[in-house]
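Taking it in order: structure first as structure tokens, then the write-up.
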Amino acid sequence: MTLSSGGGTTGSKLWNVGRWTVQRVWDEIDHIPDHTELTAYLKSHERYDDLHSQSSQRILQELAEAFHSWYGKRNNGDTRANP
């Protein structure tokens, strides 16, 4: 994730909220949400509104991609894969 200084801290906060949300959804229903689902979950969160909507959407898209990539690697036997 690359953000300009100033938005970096705010972007990190949204990433962390998204990370927590993905973990919670996965623990509850054994499903990793895609970026559309993450956006729907977090659109009303104050951290989402701290950035321009396109920036917030991109952060959540990158987070979802990271989790789906990790999950795919784990399913293919890569026990060292880490989200």
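The values are calculated or read from the model by the stated rules, or taken from the named source; none is laboratory data. Worth saying up front: this structure is predicted, and the values here are computed from it rather than measured. Here the Cβ is made from the backbone with ideal geometry for all residues, glycine too, and neighbour counts use every protein chain on show. Just the protein is used for accessible areas: all its heavy atoms, side chains included, with ligands, DNA and RNA removed. Shrake-Rupley method; radii C 1.70, N 1.55, O 1.52, S 1.80 Å.
Between residue 69 and residue 53, residue separation times 0.36 nm minus the direct Cα-Cα distance comes to 3.3 nm.
Return the Rg/Rh ratio of the chain with Cα-based radii and a Kirkwood Rh.
Values: Rg = 13.0 Å, Rh = 13.1 Å.
Rg divided by Rh gives 1.00.
The helix-based estimate of mean residue ellipticity at 222 nm for the chain, built from -39,500 (n - 2.57) per DSSP H run of four or more residues and divided by its residue count, is -22500 deg cm²/dmol to the nearest 500. Projected label points at residue 25 and residue 46, each 7 Å from Cα along the beta carbon direction, are separated by 2.3 nanometres. Take residue 50: with every protein chain present and a 1.4 Å probe, its accessible area is about 80 Å².
Axis angle, to the nearest 10 degrees, between helix 7-29 and the longest C-alpha principal axis of the chain: 40 degrees.
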